[in-house]
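Derivation of every value follows stated rules applied to the coordinates shown; laboratory data play no part. Please read these numbers as outputs of a predicted model, since none were measured by experiment. Backbone-built Cβ (ideal geometry, glycine too); neighbour counts: all protein chains shown.
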Amino acid sequence: MQTIKYQKPERLLIKNANYLDPAEGGPRQVDVLIENGTIVRVEHAIDGVDGAETIDGTGKLLTPGWLDMHVHFREPGREDEETVKSGCAAATAGGFTGACPMPNTEPAADTRGIIEYMIAEAKGTPVDVYPIAAATKGRKGRELSEMADLIEGGAVAFSDDGVAIATAEMARRAMEYASMFDVPIIEHCEEPSMTEGGAMNESAVSTRLGLPGMPGVAEDIIVARDILLTEITGARLHIAHISTARSVELVRQAKQRGLPVTCEVTPHHFTLTDEAVASYDANLKMNPPLRTQNDVDAIIEGLADGTIDVIATDHAPHSPEEKDVEFQAAPFGIIGLETALGLIMTQLVEPGHLRLEEALHKITLAPRNILRLPHPKLAVGQVANLTLFDPKHEWTVEASRFYSKSRNTPFLGWTLRGRVHAVINKGFLWVSPDV
Amino acid sequence: MQKHLLGLEGVPREEIELILKTAFSFKEILSRPIPKVPTLRGKTIVNLFFEPSTRTRISFELAEKRLSADTVNFSASGSSVQKGETLRDTIRNIEAMKMDMVVIRHSAAGAPHFLTRCIDAAVINAGDGRHEHPTQALLDMMTLQERVGKLEGLKVAIVGDILHSRVARSNIYGLQTMGAEVAICGPKTLIPVEADQWGVEIFYNIDDAIRWADALNVLRIQLERQRTGLFPSLREYAAHFGVTRARLEAAQKDLIIMHPGPINRGIEIENDLADSEFSVILNQVTNGVAVRMAVLYLKSGVTETLE
């Protein structure tokens, strides 16, 4: 684990950067002068500025800061695994100036105090934290949470993530109630009666490995249930971490019918298949589980045709002592913030599945549109909210270089291309010591 | 020769043949007045049983003693995690006491594979969850080879709860490697998804399986599966999948009947059939010791040849 250092430069000049905003199209070469966090000049060439910290953007891309709409910061409850502050450090190193922590903390984020605490803890970092609050009290699926109060506290969406909202009736009511405020319900789609005791995708591989399976249809059933519920509630539905070909198809059909349904996918679900589980390494255990090549192909197709709106990491820190156990005994989840760019570039952009601006759209404009958050603009008078990265920088994933408190990832030792060089937001500057 | 025996998937034919050949040599030694050899004298073997087991544990222990190894037994009810100590810590502690080999039985699939990442000693899988039970399949193959003469072309049907069976998986891999044909038979709810990937015949009717097979390997049916909704009742199971003399007679066949034990008499197999001329169940138990001696010897790194 590395300790992060943020700077707070009074004047910051970014020289020779190629600015690429998926809302504008085509990169343009700019110099940007920032004073105390606010953009004061955007010109083709800015020279002769005294006393400015200068970053050379030659060969790098400057983009609006990224947003990861699905992370777990484990605070309150498991501060040994991650805190809001360490999670924000990992987000920064991954290029994300915004992050949405899920409410499956201990206790669950179902009260305004916890939401306000999370936001306050992020104050000294370049990251805007937009918490997602529990849809039901304690995420138990029996009573609605106080949504109006939670929104006033800063919650941007509701979810019982970790589980689906327990019953169809409660899902309906949560959607109806949330729709009054135009906030989405984000659903972890899993029919629990079909996945109890499961450790991996139910497939030819689970049959071979003798691991209890979690069938893809358990996801599809809740995706279908909730799409049907959007029709009668008018609520906006966002499917978290979609992982099956059938679910992608269900979302595609819902969009064709004009329903307000969106979805996200994680980098590991477009990168790996359940074949990887053959090592019985618990860093390959996540929920939803890694699926088949057929599912990965459908996900890549869904990313390309716009069915899948967002890439989100489902950053899920776990301690080594929890993960370094028998596969069946380990908890679900892997960290993802610091490997997201590398996997997007190496697995999606380089092979030609997505153009770079399409990929960036899925971590900037798309999640902010879903959460009704403003899109950062490169214009005089605006807060500088920017990510500078080198799309070609090759690096090897090493546990010791992470800023997250945890290191549970199957990508250790992988060679990836694409690394963040600097992040600017809220007056803070972070420059990577590794690029 | 691979260092560990984690399963039979991917184990080459020559290695299985060597294990079986060695096992037959040991079986001959076991019939001597003093059925003991000094082969593993000075070696220490720990039997780590995280799941209740009678016959497999005793069989391994006896095999170790017949080879003159020093043995230590570690039994834990429930998983290591529930005890508050991780499997890694348990095994590192045991290794610190200088063990040469580890025999492990665990309820979690892949637990032996996990062990190989924690320690240097050779690891022998004595059953991991519903994954593999390689020494059971080896003793089943030894018993068939002894009775029939060869495994090549033999038709073996495995009957019962295939979904939860490590015995079934190891038998499928081992028998197919040795050139036998394998079928599985049981209620559809107890056949794992995409079982056809194994290239096995699948029967949902026991009479079809009996007509097809030269040998039946009848698995124990566990009552707890009924509670999880996988089959309606033991009564219905016995009526539709129970192996009975009447069924064998109707098929007019002399089948070999195997069972890995323990037997539910009157459920998966008719009471007297288990003791009949068709049954090789007790031969399996005897061969179990010889096969485990062979595995322990071949994985021990000891190169001294057998007399």
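Histogrammed with a bin width of 10 Å, the alpha carbon distances of chain B distribute as 6, 28, 34, 23, 8, 1 percent, first bin at zero. Expressed as a fraction of 2.2 N^0.38 Å, the C-alpha radius of gyration for the stretch A:63-371 is 0.91.
Label separation (B:VAL193 vs A:ASP149): 4.2 nm, computed from points 7 Å beyond Cα along the C-beta direction. Computed across the stretch A:95-187, the Kirkwood radius stands at 13.0 Å (inverse of mean 1/r, all Cα pairs). For chain A, the longest principal axis of the Cα atoms and the long axis of helix A:84-94 meet at an angle of about 70 degrees.
Converting phi to 3J(HN,Hα) with the Karplus coefficients 6.51, -1.76 and 1.60 and the offset θ = phi - 60°, the stretch A:371-385 yields 8, 6, 9, x, 8, x, 10, 8, 8, 4, x, 8, 5, 6, 10 Hz in sequence order, with x at every glycine or proline.
Across the stretch B:134-283, how large is the tail of the calculated P(r) beyond 22 Å, expressed as a percent of all Cα pairs? Of all Cα-Cα pairs in the stretch B:134-283, 32 percent lie more than 22 Å apart. Compared with the rule-of-thumb size 2.2 N^0.38 Å for a compact globular protein, the protein assembly as shown has a Cα radius of gyration ratio of 1.11.
Loop sites by DSSP among the GluC sites (Glu not before Pro) of chain A, restricted to those with at most 12 other Cβ atoms within 10 angstrom, leave A:197-397 as the longest stretch without any of them.
For A:HIS70, the residues whose modelled amide H falls within less than 5 Å of its own, excluding neighbours fewer than 5 places apart on the same chain, are A:CYS100, A:THR313, A:ASP314.
Determine, for A:ASP80, A:ASP160, the number of other Cβ atoms within 10 Å of each Cβ, and report the residues in order from fewest to most.
Final ranking by Cβ density, sparse to dense: A:ASP80, A:ASP160.
Computed from Cα positions, the angle between helix B:13-30 and the longest principal axis of chain B comes to roughly 80 degrees.
Extension gain for A:VAL380 to A:SER279 (0.36 nm times residue separation, less C-alpha to C-alpha distance): 31.1 nm. Where the centroid of each part is defined by its Cα atoms, how far is the stretch A:286-350 from the stretch A:252-282 in Å? Between the Cα centre of the stretch A:286-350 and that of the stretch A:252-282, the gap is 8 Å.
What is the angle, in °, between the Cα long axis of helix A:216-233 and the longest principal axis of the Cα atoms in chain A? Nearest 10 is fine, range 0 to 90. Result, in degrees: 80. Electrostatic tally near A:THR54: other residues with Cβ closer than 15 Å to its Cβ, Lys and Arg +1, Asp and Glu -1, net -4. Here B:ALA246 and A:TRP414 are evaluated by their C-beta separation; at R0 = 51 Å the FRET efficiency comes out at 0.25. Considering only beta bridges that DSSP places wholly inside chain A, some 55 percent are antiparallel. Take every Cα pair under 8 Å whose residues are at least 6 apart in sequence, average their separation, divide by the length of the stretch A:242-374, and the relative contact order is 27 percent. The H on the amide N of B:ALA122, modeled in the peptide plane, is under 5 Å from the matching H of B:VAL102, each at least 5 residues off or on a different chain.
Would you order B:ARG235, A:ARG74 from fewest to most other beta-carbon atoms within 10 Å of each residue's own beta-carbon?
B:ARG235, A:ARG74
Could you put A:HIS353, B:HIS131 in order, starting from the residue whose Cβ has the fewest other Cβ atoms within 10 Å?
Least crowded to most crowded, the residues run A:HIS353, B:HIS131.
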